[in-house]
Amino acid sequence: MDASNPLATAGRTPAVSRVRSGRRIADRILILASTLATLLGILVLGSILLMLIVEGVKGFTPALFTAPTPGPGSEGGGIANAILGSLVMTLIGIVIATPIGLMAGTFLAEYGRASKIADVIRFLNDVLLSAPSILIGLFVYTLMVRPMGTYSGWAGAVALAIIATPVIVRTTEDMLRLVPSQMREAGAALGAPRSLVIRSIAWRAASAGVVTGIILALARIAGETAPLLFTALNNNSWFNASLLGGVPNLPVMIYQFALSPYPNWQSLAWAGALLITVTILVLSVAARLVIKDQRAR
Amino acid sequence: MTALTQSIALARASGTARTAPSKSADRLFQGAAYASALLVLAVLAGILGSIVYGAWPAFSEFGFGFLTSSAWNIGTEQFGALPAVIGTVAAALLALIIGVPVSLGIAVYLTQLCPGWARKPVAMTIELLASVPSIIYGMWGLFVFAPLFARFVQVPVSNLVEGMPVLGTVLYARIPSGVGVLTAGIILAIMIVPFVASITRDMLDQIPTVLRESAYGIGCTTWEVVRHVLVPQASVSIIGAIMLGLGRALGETMAVTFVIGNANRLSASIFDPGSTIASRIANEFNEADGLQLSSLMALGCLLFIITFFVLIVARLLVRRAKVA
C-alpha cells in the first residue's frame, strides 16, 4: 500500500492527534528503520559497482581482449584466454542444460501436473536450485575428474550444466503454466497429437519466457567459481581448443590473480571482475524485462 | 475445381494426403520429458552418493570422532570437522542476525512505504544484488569492507572491551586485520538480504489488500498494521524465506574464502579468523590427496546433510519462491 494511498492517509491523519505517543514513536522507528535498510542495500550495490569501475577501468586496454594471461611477475598481457575458455564452457553448459531443462519443465507442466512423482521432482528441483554449488563441484570431481585423471574443461561444463538445469526447469514450467489451456484444447480438437500440441502451441506461446529462463541460467553460471575450482581449474596458457585439460576461465583467474602478490595480475583480476559483473547484470536486467513482458501478456 | 479433383486424386493415390500422427513419436516425446525430469532425481542421488563414496575412507578411519575432533594436521594425518562446522554455523547465524532485520525492513519498505513510481526500480536494484557473483562479494569484502571494518570497528571495539569479562573475549581482535568470522557473517548477510527480502515482499504482496485497508481504517499505524496484520499472516513463509537464506549462507564458498581468514583453529572471538566447511574445501582441495582428500569430502558430506535439511524445511514452508 502506498503512503500516498488515500485510504491509508485517511485512516492515519485524524488518528494521529489521538494516538498515544508510544504508538507514534514505534511507527516512526519502523518507517525510519525500513527506509534505512533499503538505502543500505542500494548503497552496497552502488559501492560494489563503484569499486569495480574505479579499479577495473584502468585495466581496460585493447590487450585485455587480445593477449593471454602473463606469467607471474611479468608485465603486460590480457585475459583473452580466460574470456574464451569461460565462454566455451558456459556455452557448452547451456547447450547441455537447455534440452534437459526444457523437457523436464515440459513434463512438470504438461504431463505430470498434479501427479505424485511430479510433485516430488518439482520439490527436489527447487532444492537443487538453491544447493551449494561447491557440492556440485565435488560431485563432478568424483564423477569425471577422478576417473579421467585430469582436470578438464568438459568436467567444468558439466558442473555448470548441473547448476543451470534447475533454473531452466523452473522457468519453463512456470511459463508453460501461464499458457491458457483453451489453446491446447483447440489444438487437440484439430486432431493434433499431444506432443505436437506441446511443441507447436504451448512452447511457441511460452517461448519468450523459456528464453528468459535460459538467460537467467547463463547469468547464474557465468560467475560461478567454486565448482570450477575442482573441475576445470585453470591454466595460464592459450586456450588450445582441447577441453581435455585444465581450461583457463574468468572466475578462477580472478580468484587466483586477485589474491596474488603481483600488481599486474591484480589489475587484470579487477578488469576481469568488472567485465564479468557488468555482463551478468546486463543479462539479469534483460531477463527480467522479457519475463515482465511475458507475464503481462 | 480441377485443382480440387486433382488433389483428391492425389490424396487417393498416396493413401492419405496427410500422414496420420505417429503414435510412437508421441510416446517418444513423452518418454524424453519423463526421463529428463527423472534426471533431476538422479543428479541429487548422484551428489549424495559420490560424496559419501569419496568420504568413506575418512569416516571409516575416524568414525564418529571426526565430528568432535578439532585436529587438522596434514603431517600426522589427523583430521577433525569441529572447527569448520562451528565456523560454518557461527558465520551463518551471524549472517541471519544481521541480515534478517534488514531484509524485513526492505520488504516492509517496498510493500508499505515506497512511493509507487520508485517501487519497480528499487525492487530491481535490491534483486540485482542477488545476481552479483559471489567472488565479487569476496573481493569487495576483502579490499573495500575489511580495511574499513578493521579501522572503524575492530580497533575501537577491541580497545573498549579489553579486559572485560565475556565481551573482552568475544569481541577482542588480537590482530585487527579486518578479516574474521564476523566479517564473513556481514558479507553473507549482504548476500542473503536480496533473497529473503524479495520472497518476503512477494508473500506480503499476496495478503489481501482488504485486510490492510480495514486495519488502517480503524486507525492503526503502519507499525501496527505490520506487527498485527502482515507478520501473523505471512509468518510461516517468512520463516521459510529466512531458512532459505540460511541454506545459502551455509553453503556459500568464494565470498567466505576471501574474508574469513582461513585459520584452522578455534577461537572464542568473532573478530578472529576462522574457517567454514566450504572455505576449507575451496582452500585445500587442489593440493590434497589420500586421507586429507577424503576428510575434505567428509566435510562436504556434512555440508550436504546440513544444507539439504535446511533447504527442504525452507521449501516446505515457502511453497514456490522466486527463481534464483
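The values are calculated or read from the model by the stated rules, or taken from the named source; none is laboratory data. Note that the structure is predicted; figures quoted are calculated from it, not measured. With ideal geometry, Cβ positions are generated from the backbone for all residues, glycine too; neighbour counts draw on all protein chains shown. These accessible areas exclude ligands, DNA and RNA; they are computed on the full protein's heavy atoms, side chains included. Shrake-Rupley method; radii C 1.70, N 1.55, O 1.52, S 1.80 Å.
State which residue is nearest to residue B:292 (Cα to Cα) when the search covers only the range B:45-70 and only residues that are open to solvent by less than 20 Å² (accessible area, probe 1.4 Å) and either outside any helix (DSSP H, G or I) or hydrophobic (A, V, I, L, M, F, W, C) (or both).
Among them, the one singled out is B:58.
Scan the range B:209-232 and tell me whether some residue there is part of a helix (DSSP H, G or I), over 30 Å from residue B:262 (Cα atoms) and in contact with a Gly (Cβ under 6 Å, 6 or more places away or on another chain).
Looking through the range B:209-232, at least one residue is part of a helix (DSSP H, G or I), over 30 Å from residue B:262 (Cα atoms) and in contact with a Gly (Cβ under 6 Å, 6 or more places away or on another chain).
Scan the range B:141-173 residue by residue and report those that are open to solvent by less than 70 Å² (accessible area, probe 1.4 Å), in a helix (DSSP H, G or I) and touching a residue at least 12 places away in the same chain (Cβ under 8 Å).
If the condition is that a residue be open to solvent by less than 70 Å² (accessible area, probe 1.4 Å), in a helix (DSSP H, G or I) and touching a residue at least 12 places away in the same chain (Cβ under 8 Å), then B:141, B:142, B:145, B:146, B:147, B:149, B:150, B:154, B:155, B:157, B:158, B:170 are the ones that fit.
Is it the case, given these coordinates, that residue A:31 is in contact with a helix residue (DSSP H, G or I) (Cβ under 9 Å, 6 or more places away or on another chain), modelled with pLDDT of 90 or more, surrounded by 14 or more Cβ atoms within 10 Å (Cβ to Cβ) and assigned to a helix (DSSP H, G or I)?
no
Got a sec? Which of B:277, B:281, B:270 is touching a helix residue (DSSP H, G or I) at 6+ places or on another chain (Cβ under 8 Å) and either over 29 Å from residue B:57 (Cα atoms) or of a type in the set (Ser, Thr, Tyr) (or both)?
When all the criteria are applied, what remains is B:270.
When you check residue B:309 against the structure, is it surrounded by 24 or more Cβ atoms within 10 Å (Cβ to Cβ) and more than 8 Å from every other protein chain (Cβ to nearest Cβ), yes or no?
Spelling it out, it is not the case that residue B:309 is surrounded by 24 or more Cβ atoms within 10 Å (Cβ to Cβ) and more than 8 Å from every other protein chain (Cβ to nearest Cβ).
Out of everything in the range B:84-133 that is small (Gly, Ala, Ser) and surrounded by fewer than 16 Cβ atoms within 10 Å (Cβ to Cβ), what residue ends up being nearest to the other protein chains (Cβ to nearest Cβ)?
B:116
Taking the range A:89-116, which residues are in contact with a helix residue (DSSP H, G or I) (Cβ under 7 Å, 6 or more places away or on another chain) and aliphatic (A, V, I, L, M)?
A:89, A:92, A:94, A:96, A:97, A:100, A:102, A:103, A:104, A:108, A:109 - these are the residues of the range A:89-116 that are in contact with a helix residue (DSSP H, G or I) (Cβ under 7 Å, 6 or more places away or on another chain) and aliphatic (A, V, I, L, M).
Using the structure shown, decide if residue A:130 is facing chain B (nearest Cβ under 9 Å) and of a type outside the set (A, V, I, L, M).
For residue A:130, the condition - facing chain B (nearest Cβ under 9 Å) and of a type outside the set (A, V, I, L, M) - is met.
Return the total of residues in the range B:174-188 being surrounded by fewer than 22 Cβ atoms within 10 Å (Cβ to Cβ) and closer than 17 Å to residue B:266 by Cβ.
Residues that pass the stated criteria total 2.
For the list (1) more than 7 Å from every other protein chain (Cβ to nearest Cβ); (2) surrounded by fewer than 16 Cβ atoms within 10 Å (Cβ to Cβ), I need the number of the one condition that residue A:40 fails.
Failing condition for residue A:40: (1).
Results for (1) among the small types (Gly, Ala, Ser); (2) farther than 15 Å from residue B:56 by Cα; (3) within 22 Å of the chain's Cα centre (by Cα), shown as yes or no for each residue.
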| site | (1), (2), (3) |
| --- | --- |
| B:273 | no, yes, yes |
| B:285 | no, yes, yes |
| B:291 | no, no, no |
| B:295 | yes, no, no |
| B:313 | no, yes, yes |
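I'd like the residue in the range B:202-214 that is among the charged types (D, E, K, R) and within 11 Å of another protein chain (Cβ to nearest Cβ) and, out of all such residues, is surrounded by the fewest Cβ atoms within 10 Å (Cβ to Cβ).
Residue satisfying both the conditions and the ranking: B:205.
Out of all the residues in the range B:243-261, is one or more at pLDDT below 85 and either of a type outside the set (A, V, I, L, M, F, W, C) or open to solvent by less than 30 Å² (accessible area, probe 1.4 Å) (or both)?
Looking through the range B:243-261, at least one residue is at pLDDT below 85 and either of a type outside the set (A, V, I, L, M, F, W, C) or open to solvent by less than 30 Å² (accessible area, probe 1.4 Å) (or both).
Which of the residues spanning the range B:73-83 are open to solvent by less than 30 Å² (accessible area, probe 1.4 Å) and either modelled with pLDDT of 90 or more or touching a strand residue (DSSP E or B) at 6+ places or on another chain (Cβ under 8 Å) (or both)?
Residues satisfying the conditions are B:79, B:80, B:83.
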